[in-house]
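One structure is given below, encoded as structure tokens.
Every read-out reported here was derived from the displayed coordinates using simple, explicitly stated rules and does not represent laboratory data. None of the values given here were measured: they were computed from a predicted structure. Cβ placement follows ideal geometry from the backbone for every residue including glycine, while neighbour counts extend to all protein chains displayed.
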Amino acid sequence: MSAVNDTKFNSVVFFLTGIPGQEDIHLWISIPFCFMYAISIVGNSVILFIIKTDPSLHEPMYIFLSMLAIADLGLLIATMPTILGIYLFNSREISLDACFTQLLFIPSLQCIESSVLLLMAFDRFIAICYPLRYASILTLPRIGKMGLVCVLRGVAVTLPLPILLKRFRYCRDNVVSHSYCVHNEVMKMACSDITVNNIYGLFTKLLTMGLDSLLIFLSYVMILKIVLSITSHTECLRALNTCVSHLCAVLLFYTPAIGLSVIHRFREGSSPMPEIILGYISMLVPPLMNPIVYSVKSKHLRVRIIRVFIK
């Protein structure tokens with residue numbers, strides 16, 4: 001009987017969802033998705049290539065930008081098979097193990113990206129508030145250790161999520177309202193008490209995105225305090241201009257992520273469309289827009305990208 005139950009458990013599949021009611025035009029919907037994936041992968045790959053090959057860009061700000069590009073590429077790779085599989089091939093089924101793999105990688109990469117955005121805020125804080133000590137504080141070995149801590153933190157915090165879900169049997173409706181597995185929805189399909197999972201899921205959000213967003217906000221409060229004390233209006237604007245790209249990246253990442261988290265926890269019986277749209281925005285828009293924003297706002301990076309394409 002135990003062997004039969006284990007076999008039944010291992011054969012559980014979940015059904016992912018595209019855009020409800022638009023199944024007839026999924027192939028057409030796939031065109032903008034393919035376009036976004038292609039632009040995002042090329043854009044982030046170009047950023048990584050330029051930063052790696054140009055020694056003049058081996059500075060803290062650009063090294064953190066390369067970390068952000070790696071996290072964005074990871075998110076694209078983690079979501080691309082299921083999203084494009086639904087819209088191109090109508091492949092909605094996903095096995096239990098594949099779903100749990102997404103539940104490990106997607107939250108881990110989001111946590112890593114949140115940590116990198118916090119490091120970039122710290123970089124701007126040191127550059128503006130302590131410019132004379134900037135090079136001595138943000139050394140290459142220290143930046144490498146910061147990046148390693150970001151990765152370890154992301155994996156350590158999110159690894160228990162699929163492990164806790166692995167213990168359950170699933171007997172409820174196994175249709176996920178997204179094109180990729182989401183912890184809150186998979187958790188509610190279990191036949192067991194999910195109190196521990198619910199509390200830990202909320203704890204991870206508060207410990208990662210909640211704490212990081214608070215620290216980023218505090219860092220910009222201190223930056224504004226220093227910048228507003230500068231008597232020269234030109235110098236004040238120049239200092240603030242160095243933060244514009246990072247602020248755009250922060251807004252692109254946290255706004256849909258926080259909105260999606262709120263909807264997941266408080267939506268009861270309402271239309272799933274806002275949740276679906278926010279899910280696509282949180283997964284696809286930051287990797288698409290981050291390379292564009294930094295390429296436009298960073299003159300050094302823009303010049304080197306143009307130089308490579310001209311050659």
| request: Calculate one ³J(HN,Hα) per residue across segment 147-163 by plugging θ = phi - 60° into the Karplus curve 6.51 cos²θ - 1.76 cosθ + 1.60, and present them in order as whole Hz with x for glycine and proline. | output: x, 5, 4, 4, 5, 5, 5, x, 6, 5, 6, 9, 4, x, 4, x, 5
| Given a Förster distance of 25 angstrom, what is the FRET efficiency for residue 91 paired with residue 191, based on the Cβ-Cβ distance and rounded to 0.05? | 0.40
| By how many nm would the segment from residue 130 to residue 23 grow when fully extended, if each residue of separation counts as 0.36 nm and the alpha-carbon distance is taken off? | 33.0 nm
| request: With springs only between Cα atoms under 10 Å apart, run a GNM on the chain and tell me which of 285, 227, 250 wobbles the most. | output: 227
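How would you rank 225, 297, 205, going from fewest to most other Cβ atoms within 10 Å of each one's own Cβ?
In order of increasing Cβ crowding within 10 Å: 225, 297, 205.
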| task | Averaging sequence separations of C-alpha pairs under 8 Å and six or more residues apart, then dividing by the length of segment 52-181, give the relative contact order as a whole percent. | result | 37 percent
| query | Most fluctuating residue of 167, 124, 153 in a GNM of the chain with Cα springs under 10 Å: which is it? | reply | 167
| note | Within segment 125-164, the residues whose backbone N lies under 16 Å from a label point placed 7 Å from the Cα of residue 229 along the Cα-to-Cβ direction are 125-133
| Order of 288, 207 under a 10 Å beta carbon neighbour criterion, fewest first | 207, 288
| Can you pull the percent of Cα pairs in segment 148-285 with separation above 27 Å? | 36 percent
| query | Scaled to the compact-protein estimate 2.2 N^0.38 Å, what is the alpha-carbon radius of gyration of the chain, rounded to two decimal places? | reply | 1.10
| said: Given R₀ = 30 Å, what would the calculated FRET efficiency be for residue 262 paired with residue 101, taking r from the Cβ atoms and rounding to 0.05? | reply: 0.70
| message | Within a 10 angstrom radius of the beta carbon, how do 12, 157 rank from fewest other beta carbons to most? | response | 12, 157
| note | Counting only residues 5 or more apart in sequence or on a different chain, those whose built amide H sits under 5 Å from that of residue 91 are 86
| query | Along the positive direction of the dipole of segment 159-311 (beta-carbon charges: Lys, Arg +1; Asp, Glu -1; about the Cα centre), which of 256, 192, 285 reaches farthest? | reply | 285
| task | Taking only Cα atoms and a 10 Å spring cutoff, compute GNM fluctuations for the chain and point out the largest among 232, 177, 219. | result | 232
| query | Reachable aspartates and glutamates from residue 299, Cα under 20 Å, same-chain residues fewer than 8 places away excluded? | reply | 54, 59, 123, 235
| said: From the helices alone, meaning DSSP H stretches of at least four residues, give me the mean residue ellipticity at 222 nm for the chain, per-run term -39500 (n - 2.57), in deg cm²/dmol to the nearest 500. | reply: -25000 deg cm²/dmol
